[in-house]
Amino acid sequence: MTSPLSADDLAAARRLIDDAANVCVFSGAGMSAESGIPTFRDALTGLWANYEPADLATPSGWRRDPDLVWGWYRDRAETLRTVEPNDGHRAIADLGRRKKLAGGRVSIVTQNVDDLHERAGSTVDAHLHGSLIGPRCETCPYRGDADLSLARERPRCPRCGASLRPDVVWFGEILPKLAWLNASAAVGQCDLLIIIGTSGVIRPAANLPLLAAEAGTPIIEVNPEPSALTPLATVHLESTAAAALPAIS
């Protein structure tokens, strides 16, 4: 259980937000976990308890047993349909609307593969690790709609006949170039970075806060536990997103 947030920390975070025209939010798995989406490791339960990440989240695992991998991600996509954005997602969306009215903006860079930011009313600049919302062809540029992610049988591409695969970034794969460029631009152009619910150990995504710190950009971190990024934070709020963000935004 986290300790109550100090009034001084809350006031400092509010001042940073009020003074910033362009805010960048960098969110990780902890934010979605509050809505009931298991983290990657936590999802290795039940039917999936006997599998390793190499079985389910690597190109070699896909080549070895694509039906197994498809079933794992279909299960995760089904879970996503049962949850809702939490108060943290909604607070970010509200902040985005207020900053827009004032001539600024809120950019969102996320490591999460869900659509909870969007469902709360935000626009996401970069899904660094892809998305569960619709699969893509393993061969050509075709991308399918969200309902295809729930198909019981692994679907085929209507254009080239190859298999559709989850549109997520697996271990050993390179981040999508456009997502990385958009994320780097959002961090480079902001005058406040808010880090939420990420451990800061998954690279290259974890390099983004380093860019902000090197540029002298203030950083607010929201995390119930200290992370690898805590030393970079101007203000660290030892709390969850759903509790802290409505209090500071």
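The values are calculated or read from the model by the stated rules, or taken from the named source; none is laboratory data. Just so we're clear, the structure is a prediction, and the values are computed from it rather than from any experiment. Cβ placement follows ideal geometry from the backbone for every residue including glycine, while neighbour counts extend to all protein chains displayed. Side chains are part of the model used for accessible areas, which takes the heavy atoms of the whole protein and leaves out ligands, DNA and RNA. Shrake-Rupley method; radii C 1.70, N 1.55, O 1.52, S 1.80 Å.
Heavy-atom accessible area per residue, the stretch 74-183, 1.4 Å probe: how many Å²?
Values: 5550 Å² over 110 residues.
Result: 50 Å² per residue.
With the simple spin-label model, which puts each label point 7 Å out from Cα in the Cβ direction, the THR39 to GLN189 separation comes to 3.2 nm.
Note on the chain: GNM, Cα springs under 10 Å; of GLU52, GLU84, GLU34, the largest mean-square fluctuation is that of GLU52.
On the protein heavy atoms, probe 1.4 angstrom, tell me the percent of accessible surface of the stretch 113-217 carried by carbon and sulfur.
Details: 2700 of 5050 Å².
Exposed carbon and sulfur together represent 53 percent of the surface.
Relative contact order of the stretch 1-156: 24 percent, from C-alpha pairs under 8 Å at least 6 residues apart in sequence. Here the spin labels are modelled as points 7 Å beyond Cα on the Cα-Cβ line, and at GLU153 and SER199 they lie 3.9 nm apart. Amide H contacts of GLY130: VAL169, each under 5 Å away and 5 or more positions distant or on a separate chain (H built 1.01 Å from N in the peptide plane; Pro and chain starts excluded). Under 5 Å between amide hydrogens, built in the peptide plane, is the criterion, and for SER107 it picks out VAL23, CYS24, VAL25 among residues at least 5 positions away or on other chains. Treating each Cα of the chain as an identical point scatterer and summing with the Debye formula, the log10 of I(q)/I(0) at q = 0.13 Å⁻¹ comes to -0.81. A 1.4 Å probe over all protein chains sorts PHE171, PHE40, PHE26 by accessible area into PHE171, PHE40, PHE26, starting with the largest. Largest GNM mean-square fluctuation across GLY172, GLY88, GLY71, computed for the chain with C-alpha springs under 10 Å, falls on GLY172.
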